[in-house]
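> Sharing a structure here in structure tokens format.
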Amino acid sequence: MKKTYVIALCIVLAAGVIAFWSNRQDASNSIKTPEETATTSGNCYIGGCSAQICSAEKDIASTCEYREEYMCYKTAKCERQSNGSCGWTQTTNLTMCLKDEATVNLQ
């Protein structure tokens, strides 16, 4: 009897995982990612699973969590800063967006 429940539970969990990944794949095909609209210069590159990293390293990886503030980088500039390092240029739009997202996340 217990074996039947365990098998049924495994089937339900597997179906849930498959449904989750197929929905995620469909969504990723229809949403523009930050790499498609953000700009780079000065041998700087956009990386990370959510395209939230501006780095001198090409194809840098990160963990795959998503934070609302990552959407702020979709139109940001990834370029050499005055200190010589790659980073997101702190434009008025980026600063305001990050501030707004921080306020929303505190509520």
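> For the range 49-98, name all the residues that are farther than 17 Å from ALA38 by Cβ and within 18 Å of the chain's Cα centre (by Cα).
ALA61, THR63, CYS64, GLU65, listed by residue number.
> Take the residues in the range 92-107 that are of a type outside the set (Val, Ile, Thr) and modelled with pLDDT of 85 or more; name whichever of them is farthest from CYS78 (Cα to Cα). Step through it out loud before you land on a result.
We begin by selecting, within the range 92-107, every residue of a type outside the set (Val, Ile, Thr); these are 93-94, 96-102, 105-107.
From what is left, the residues that are modelled with pLDDT of 85 or more are 93-94, 96-100.
On the way: ASN93: 14, LEU94: 11, MET96: 17, CYS97: 16, LEU98: 15, LYS99: 19, ASP100: 20 Å.
Selected residue: ASP100.
> Additional query: Can you tell me how many residues in the range 53-69 are surrounded by 10 or more Cβ atoms within 10 Å (Cβ to Cβ), modelled with pLDDT under 95 and either of a type in the set (Val, Ile, Thr) or outside any loop (DSSP other than H, G, I, E, B) (or both)?
Qualifying residue count, the range 53-69: 3.
The values are calculated or read from the model by the stated rules, or taken from the named source; none is laboratory data. Keep in mind that what you see is a predicted model, and the values were worked out from it rather than measured. Glycine also receives a Cβ, built like all others from the backbone with ideal geometry; neighbour counts cover every protein chain displayed.
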